[in-house]
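Colleague: What follows is a structure written as structure tokens; I'll ask about it next.
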Amino acid sequence: MKYISFAIPCYNSESYMEKAICSILAGGEDVEIIIVDDGSKDGTLEISKKYEKEYPAIVKAVTKENGGHGDAVNCGLQAATGKYFKVVDSDDWVDKDALLKILETIKKFADAGTEVDMVIANYVYEKVGMENKKVIRYSNVLPQNQIFKWDDIGRFHLDQYILMHSVIYRTEMLKLCQLKLPKHTFYVDNIYVYYPLPHVRTLYYMDVDFYRYFIGREDQSVNEKVMISRIDQQIFVTKTMIAMYELKMIPSRKLRKYMINYLAIMMTVSSILCIRSKKQENLDKKKELWDYLKKKDYGTYFKIRYGILGQTMNLPGKSGRKVSSLAYTVARRLIGFN
């Protein structure tokens, strides 16, 4: 039995993908590593085939025409046979000791016939040039080492939201809720985390520093200049998330609040990128995005627009935009997210 299927979406990743692969190999035959070559033009496929040949009981090399990160995740999920599913980007890696602890826990679930829909662990910002690595942990907000439900969660800080890095989903749950990420679109990891949330019934948190999130490549999708150049995709993802659910219908009050706050963060990121671009066309897109939310879900719009983040992003005039930009710069330094 494969307990965790790890999908590694790869596009021209030959210079760093082996670190990701080798870190997961520590799980031995309890894991499945699905390396998805998304139409690379370098040696990515050859490296994938090399590991598949060397570890035939663990590694699957899958190749497909280029469809973007989300489409590669879709492909990995389709090929997955493990009880649980985890995405590891090709420039990131996992901690081997934490991996073994998580595997041990998941084996216990299987032995007991217990189905947990989501396993959560900590992640670490491996930011180039930073000696002290920032760890995002959830010990103040989630019950530890026990199965719990959404009504048992506490209050998340702004830098503490559940991201793709921290989540491991039950494979069958992802397939049943028909998760499918859009092609040729960046920032779909937000959809990957957000869309399944109402389908998650049971959760389990382990206070281990598992995922290592590398930040430092100039072409990386979270580089601010890159994000501004892809503002249309950021807005598309935000609108897609807005359209997914009528949040007042979410039965758990705490989950509903969490999802509203997640959308508030997405609205903030989209808004500040429009502001920092200093282009009128992007300021118009910002206004249109807020109008879209207002039309789709007025209750959620009201809560976000007149919350702290919404007010900060909608200060009037040029001086107001400067204050918004300054607030973002301070937050970025405190959180260290790009």
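Colleague: With the cut-off at 1.5 for a/c, could you classify the range 73-174 from its C-alpha gyration tensor as rounded, prolate or oblate?
Modeller: It comes out oblate by the Cα gyration axes.
Colleague: Follow-up question, since we're still on this one. If you place +1 on the Cβ of every Lys and Arg and -1 on the Cβ of every Asp and Glu, how big does the dipole about the Cα centre of the range 213-319 come out, in debye to the nearest 20?
Modeller: That gives the range 213-319 a dipole magnitude of about 420 debye.
Colleague: Here's a follow-up. Using modelled backbone amide H atoms (1.01 Å from N, in-plane), which distant-in-sequence or interchain residues come within less than 5 Å of Lys64's amide H?
Modeller: Answer set, sorted by chain and number: Asp37, Gly39.
Colleague: Of His69, Gln144, Thr240, which is farthest along the charge dipole of the chain in the positive direction, counting Lys and Arg as +1 and Asp and Glu as -1 at C-beta?
Modeller: Highest projection toward the positive end goes to Thr240.
Colleague: Now for a different question. For the chain, what is the calculated [θ] at 222 nm in deg cm²/dmol (nearest 500), taking -39500 (n - 2.57) for each run of four or more DSSP H residues and dividing by its residue count?
Modeller: Per the formula, -14000 deg cm²/dmol.
Colleague: So if each residue of separation counts as 0.36 nm, and I subtract the Cα-Cα distance between Lys278 and Glu46, what length gain in nm does that give?
Modeller: Taking 0.36 nm per residue and subtracting the Cα distance, the gain is 79.2 nm.
Colleague: Could you size up the charge dipole of the range 1-155 around its Cα centre, putting +1 on the beta carbon of Lys and Arg and -1 on that of Asp and Glu, and report it in debye to the nearest 20?
Modeller: Rounded to the nearest 20 debye, it is 340 debye.
Colleague: In whole percent, what relative contact order does the chain give with Cα contacts below 8 Å and a gap of six or more residues?
Modeller: Relative contact order of the chain: 16 percent.
Colleague: Kindly report the accessible area of the range 83-241 per residue (heavy atoms of protein chains, probe 1.4 Å, no ligands, DNA or RNA), in Å².
Modeller: 44 Å²
Colleague: I need the phi-derived Karplus couplings for the range 142-148: 6.51 cos²θ - 1.76 cosθ + 1.60, θ = phi - 60°, integer Hz, Gly and Pro marked x.
Modeller: Calculated HN-Hα couplings, in order: 10, x, 9, 6, 7, 6, 9 Hz.
Colleague: So for the chain, taking the charge dipole from beta-carbon charges (+1 Lys/Arg, -1 Asp/Glu), which of Met206, Tyr192, Gly320 sits furthest toward the positive end?
Modeller: Gly320
Colleague: Something else about it: Is the range 167-305 rounded, prolate or oblate when judged by the Cα gyration tensor, a ≥ b ≥ c being the square roots of its eigenvalues, rounded requiring a/c under 1.5 and prolate requiring a/b larger than b/c?
Modeller: Taking the square roots of the gyration eigenvalues as a ≥ b ≥ c, the range 167-305 is oblate.
Colleague: Just to confirm a number: summing +1 for Lys and Arg and -1 for Asp and Glu over residues other than Asn74 whose beta-carbon lies under 10 angstrom from that of Asn74, what do you get?
Modeller: +2
Colleague: Another question, if that's okay. Round to the nearest 0.05 the FRET efficiency obtained for Ala243 and His199 when R0 = 22 Å and r is the Cβ-Cβ distance.
Modeller: Efficiency at R0 = 22 Å is approximately 0.85.
Colleague: Is the C-alpha gyration tensor of the chain telling us rounded, prolate or oblate? Criteria: a/c under 1.5 is rounded; beyond that, a/b larger than b/c is prolate, otherwise oblate.
Modeller: Taking the square roots of the gyration eigenvalues as a ≥ b ≥ c, the chain is prolate.
Colleague: How much length, in nm to one decimal, is gained on full extension between Val226 and Lys296, taken as 0.36 nm per residue of separation minus their Cα-Cα distance?
Modeller: In short, 22.3 nm is gained.
Colleague: Starting from the Cα-Cα distance between Lys107 and Ala26, subtract it from 0.36 nm times their residue separation and give me the gain in nm to one decimal.
Modeller: Stretched out fully, the Lys107 to Ala26 stretch lengthens by 27.6 nm.
Colleague: Still on this structure: Might you report the magnitude of the Cβ-based charge dipole of the range 152-220 about its Cα centre, with Lys and Arg at +1 and Asp and Glu at -1, to the nearest 20 debye?
Modeller: Dipole size: approximately 360 debye.
The values are calculated or read from the model by the stated rules, or taken from the named source; none is laboratory data. Worth saying up front: this structure is predicted, and the values here are computed from it rather than measured. Here Cβ is always computed from backbone atoms with ideal geometry, including for glycine, and neighbour counts include all displayed protein chains. Each accessible area value is taken on the protein alone, full model and side chains, heavy atoms only, with ligands, DNA and RNA left out. Shrake-Rupley method; radii C 1.70, N 1.55, O 1.52, S 1.80 Å.
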